[in-house]
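Quick notes on the structure that follows.
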Amino acid sequence: TTKQTRSILDKALFSLGFIPRTSVTKYVRVAVYDKFKAQVPVIEQSTRYTSLLYSFAGKQLLLAGVHLISMVSESEEYDRLISARDDIKSLEEFENLNKIDNTVLIGDFNMNTFEIGMVSHRGLNSTFCKRTAKLAPISKAKKKYFFNPSWRAFANDSLRNKPPGTIYYDKPKKSAILYWNMLDQVLIRPNLLSSATDKSFEIITRTKTKNLLTNNGIPDAINYSDHLPIKFKLKI
């Protein structure tokens, strides 16, 4: 977000009972809103990364919103791996120091689900396999796994207005070869897996009154955004 878009978001969300958790500065891009009544400590705010610590019935949940470096700024996949590794380092340190197993990352990762920065143990160490996330030993880099339900998007049928991604790029180059890209994702620690998470990941294409797609079935970037929103459920 920017200062301008934060002002627009505040106006739209205050009336629905949401409150902002993040400050408005030129360095903070990720805005977090919620309806939680208690205080929520902000752990870290930076240009590409914001983390907060929630408490539910005595259990702590670490929530991080991300907007990682883009394919335009870093066209090489390996460079985005290095950037992702650096961005996640402080979160992992906080997890280990405070013995937190309930962590959620959500936002614009600017990488597809299968890119090395997402799946490598040197990066975010995420997997589409729940069994691997829950039962596999800690990876070579002594890192825990994230489960990534965002892979479900690739099973969608775009001919039925269920897009296989959140952003469409019609001038594919080396860094974006699929036309459809799944850049907006959610990663969760396997400790949070439950029946509530099963099949709950969804790409939003319309609201009750608005269609977020053009007649060609791609995101309506002129009236709304070039990214489609995502939705996911957790049982705490």
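Please treat every number below as a calculation from the coordinates, not as lab data. Because the structure is a prediction, the values reported are computed rather than measured. Cβ placement follows ideal geometry from the backbone for every residue including glycine, while neighbour counts extend to all protein chains displayed.
Based on the alpha-carbon gyration tensor of segment 96-160 and its eigenvalue square roots a ≥ b ≥ c, which shape applies: rounded if a/c is under 1.5, prolate if not and a/b is larger than b/c, or oblate? Prolate, because a/c is 1.5 or more and a/b exceeds b/c. Only one of (1) -0.50, -0.75, -1.13; (2) -0.55, -0.85, -1.24; (3) -0.38, -0.70, -1.68 was calculated from the structure for log10 I(q)/I(0) by the Debye sum over Cα atoms at q = 0.09, 0.12, 0.18 Å⁻¹, and its label is (3).
For the peptides 100-113, 7-20, the ranking by mean Cβ contacts within 10 Å, running from highest to lowest, is 100-113, 7-20. What is segment 1-136 by shape, rounded, prolate or oblate, if you read a ≥ b ≥ c off the alpha carbon gyration tensor as root eigenvalues and call it rounded for a/c under 1.5, prolate for a/b larger than b/c, and oblate otherwise? Since a/c reaches 1.5 but b/c is at least a/b, the shape of segment 1-136 is classed as oblate. So which chymotrypsin sites (Phe, Trp or Tyr not before Pro) in segment 176-210 end up in coil per DSSP with only 15 or fewer other C-beta atoms within 10 Å? Loop-located and lightly packed - Tyr179.
Electrostatic bookkeeping for Thr207 treats Lys and Arg as +1 and Asp and Glu as -1; over the other residues with beta carbon under 14 Å from its beta carbon, the sum is +2. Pair-distance distribution P(r) for segment 63-104, from all Cα-Cα distances in 10 Å bins starting at 0: 26, 44, 24, 6 percent. When only the Cβ of Lys, Arg, Asp and Glu is charged (+1, +1, -1, -1), the dipole of the chain relative to its Cα centre reaches about 660 debye.
State, as an integer percentage, the relative contact order of segment 1-133 based on alpha-carbon contacts under 8 Å between residues 6 or more apart. Relative CO of segment 1-133 lands at 17 percent. The spacing between segment 12-27 and segment 83-99, judged by their C-alpha centroids, is 25 Å. Per-residue ellipticity at 222 nm, computed for the chain from helices alone with -39500 (n - 2.57) per DSSP H run of at least four residues, works out to -5500 deg cm²/dmol. Considering only Arg29, Arg160, Arg131, the mean-square fluctuation computed in a Gaussian network model of the chain, springs between alpha carbons under 10 angstrom, is largest for Arg160.
Each of Gln60, Ile43, Leu13 was placed along the dipole of the chain (beta-carbon charges, centred on the mean Cα), and the one lying farthest toward the positive end is Gln60.
Between Ser158, Ser90, Ser195, the Gaussian network model of the chain with springs among Cα atoms under 10 angstrom shows the greatest mean-square fluctuation at Ser195. Relative contact order of the chain, taken over Cα pairs closer than 8 Å and 6 or more residues apart, is 13 percent.
Could you tell me the distance between the Cα centroids of segment 157-227 and segment 119-137, to the nearest Å? Cα centroid to Cα centroid, the span is 22 Å. For segment 61-175, a simple Cβ point-charge model (Lys and Arg +1, Asp and Glu -1, everything else neutral) yields a dipole of about 540 debye relative to the Cα centre. Among DSSP beta bridges lying fully in the chain, give the percent that are antiparallel, nearest 5. Close to 75 percent.
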